[in-house]
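Here is the structure we will look at, set down as structure tokens.
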Amino acid sequence: QVQLVESGVGLVQPGGSLRLSCGVSRSIFSFNTMGWYRQAPGKERELVADITSGGRTTYADSVKGRFIISGDNAKNTMYLQMNSLKPEDTAVYYCNVISAYTTLSYWGQGTQVTVSS
């Protein structure tokens, strides 16, 4: 079983920045894809950004140029740096990993990000 622990809950003003972290209980080399998703009230969960084991990144159009996904192999941690935050970025953010061996998908518990003045 893979455990994911998120941190970075925050209330941020529009235009501000916040970094989310996702600690993983296993080497991130054991996953072929790691990503961040978000779900706003009344909306479906959507992909924010993901990164493959080969380093290829994908971003939702709404966050391109503002968010950066990265991983730290030594710390088994994935990050989402969020800049120029907007009220519409308000959501619960979830980290997700997909095992390279079993293709099983694992989720973090979710962390609330609120962008408001």
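Rank these residues by their accessible area, most exposed first, probe 1.4 Å: THR103, THR77.
Solvent-accessible surface, decreasing: THR103, THR77.
Which GluC sites (Glu not before Pro) from segment 1-68 combine a DSSP loop assignment with at most 13 other Cβ atoms within 10 Å?
Counting only loop positions with at most 13 other Cβ atoms within 10 Å, the GluC sites (Glu not before Pro) in segment 1-68 are GLU44.
For the pair GLU46 and SER17, how long in nm is the line joining their label points, each one 7 Å along Cα→Cβ?
Reported label-point gap for GLU46 and SER17 is 2.4 nm.
Rounded to the nearest 10 Å², what accessible area does ARG19 show when all protein chains are kept and the probe is 1.4 Å?
130
Measuring from label point to label point, each 7 Å out along Cα→Cβ, what is the SER27 to LYS75 span in nm?
Each label point lies 7 Å from its Cα, and together they span 2.0 nm.
Determine the order of ASP50, ASP61 by accessible area, beginning with the largest, at a probe radius of 1.4 Å.
Listed by decreasing accessible area, they come as ASP61, ASP50.
Can you give the accessible area of TYR94 in Å² (nearest 10), computed on protein heavy atoms with a 1.4 Å probe?
Per-residue accessible area (TYR94): approximately 40 Å².
Under the 0.36 nm per residue contour assumption, what length would be gained going from the current alpha-carbon distance of GLN39 and VAL9 to full extension?
Separation in residues times 0.36 nm, less the Cα-Cα distance, equals 9.4 nm.
Alpha carbon centre of segment 8-41 versus segment 81-117: separation in Å?
That distance is 5 Å.
Starting from the Cα of LYS86, draw a straight line to each of the lysines and keep only those under 26 Å, dropping any in the same chain fewer than 8 residues away.
Counting by Cα, and skipping residues close in sequence, LYS86 has these lysines nearby: LYS43, LYS64.
Remind me, relative contact order of the chain in percent, using alpha carbon pairs under 8 angstrom and six or more residues apart?
Once divided by the residue count of the chain, the mean separation gives 37 percent.
I need the calculated FRET efficiency for the pair ALA60 and SER84, taking r as the beta carbon distance and R₀ as 22 Å, to the nearest 0.05.
In this case the efficiency is close to 0.95.
Computing the accessible area with a 1.4 Å probe over protein heavy atoms, can you report the carbon and sulfur percentage for the chain?
49
Using a 1.4 Å probe and counting only protein heavy atoms, arrange TRP36, TRP107 so the residue with the most accessible area comes first.
TRP107, TRP36
The values are calculated or read from the model by the stated rules, or taken from the named source; none is laboratory data. All of these numbers come straight from a predicted model, not from anything done at the bench. Note that we place each Cβ from the backbone using ideal geometry, even for glycine, and neighbour counts take in every protein chain shown. Note: areas computed on protein heavy atoms with side chains; ligands, DNA, RNA excluded. Shrake-Rupley method; radii C 1.70, N 1.55, O 1.52, S 1.80 Å.
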